[in-house]
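The values are calculated or read from the model by the stated rules, or taken from the named source; none is laboratory data. Bear in mind that the values here come from a model prediction, so they are computed numbers and not experimental data. Every residue, glycine as well, gets a Cβ built from its backbone with ideal geometry; the counts of neighbours run over all protein chains shown. Ligands, DNA and RNA are stripped out before the accessible areas are found, and what is left, the full protein with its side chains, is counted by its heavy atoms. Shrake-Rupley method; radii C 1.70, N 1.55, O 1.52, S 1.80 Å.
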Amino acid sequence: MKTLKDAFEHLLNDVYYAENALVKALPEMAEAAGSAALKSAFRDHLAETKKQIKILKDVFAACGFEVKGEKCDAIEGLIKEGGTILAEGSGIALDASLLALAQAVEHYEIARYGTLREWAKALDLNEPAAMISEILDMEKACNSKLTGIAVAEINKPSRAKAA
């Protein structure tokens, strides 16, 4: 990478890979979740993630880039962590750990989409910047929803002590 546009394209490929990897991981997380609210959040975000992939394809097209993904080591690490949680977790620990993992993924995505949006603006890619902002807003809303589930249900002191 020698230019900001090169870095932008590379990061776009990275998040495209990450979103596609999450489409594969989210159904298993939803199935494993004991909390109905968490299960629903994972299923809702799966549908959103599929929409985000479509938006990303529009970003690629608007920029004149080939649609492709480049292996994202960060998301691969988080998915691997998810496999460990699914294999070893149960009860409240499983739900709490899945929720924490999902928020780690959201925080990663928020950081990446925030960067992509600002780089798009710097490159005068206004239409792609707006599309990326739409995805960023979805990721922030998902993170807020997960926080709400954590506070209202999963991390309640009474539940943690009873488990």
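Worth a mention:
- Flag if ALA87 is part of a helix (DSSP H, G or I), open to solvent by 60 Å² or more (accessible area, probe 1.4 Å) and at pLDDT below 95: yes
- Residue match in the range 82-100 (condition: touching a residue at least 60 places away in the same chain (Cβ under 8 Å) and in contact with an Asp or Glu (Cβ under 9 Å, 6 or more places away or on another chain)): yes
- Across the range 1-17, not a single residue is classified as assigned to a helix (DSSP H, G or I), open to solvent by 20 Å² or more (accessible area, probe 1.4 Å), more than 18 Å from TRP119 (Cβ to Cβ) and not aliphatic (A, V, I, L, M).
- Filter result (open to solvent by less than 70 Å² (accessible area, probe 1.4 Å) and not in a helix (DSSP H, G or I)) within the range 43-84: GLY64, PHE65, VAL67, GLY69, GLU70, CYS72
To keep it simple, each residue is scored yes or no on (1) among the aromatic types (Phe, Trp, Tyr); (2) touching a helix residue (DSSP H, G or I) at 6+ places or on another chain (Cβ under 7 Å); (3) over 18 Å from TYR17 (Cβ atoms).
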| site | (1), (2), (3) |
| --- | --- |
| LYS80 | no, no, no |
| THR84 | no, no, yes |
| ALA87 | no, no, yes |
| SER90 | no, no, yes |
| LEU94 | no, yes, yes |
| LEU99 | no, yes, yes |
| VAL105 | no, yes, no |
| ILE110 | no, yes, no |
